[in-house]
């Protein structure tokens, strides 16, 4: 689940990078809105991220640019990206959950 000024909706994280991600969701947001969400890491820990909505496509989802990540968040994000790039691991998915 992602949280913003509108009611919470479920989503799936795709196109994850150091700078942001795309959230597949039918929920509505506005460009410039700040959304927060938690991603379950492979080690069963949680990574909380916040970002600014950069673009929105109704019924499909929205792109988020991460804002103000601290050192721990950045380290965990880089670790997750490294795991995702490992050909032996294959694809991993990171579904959002309610806080």
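Judged by the mean number of other Cβ atoms found within 10 Å, the most tightly packed of the peptides 29-37, 52-60 leads the ranking 29-37, 52-60. Indicate the gyration tensor shape class of region 16-75 (rounded, prolate or oblate), computed on the Cα atoms with a ≥ b ≥ c the square roots of the eigenvalues: a/c under 1.5 is rounded; otherwise a/b larger than b/c is prolate and the rest oblate. Prolate, because a/c is 1.5 or more and a/b exceeds b/c.
Values quoted throughout were computed directly from the atomic coordinates according to the rules given, and no laboratory measurement underlies them. Just so we're clear, the structure is a prediction, and the values are computed from it rather than from any experiment. Glycine also receives a Cβ, built like all others from the backbone with ideal geometry; neighbour counts cover every protein chain displayed.
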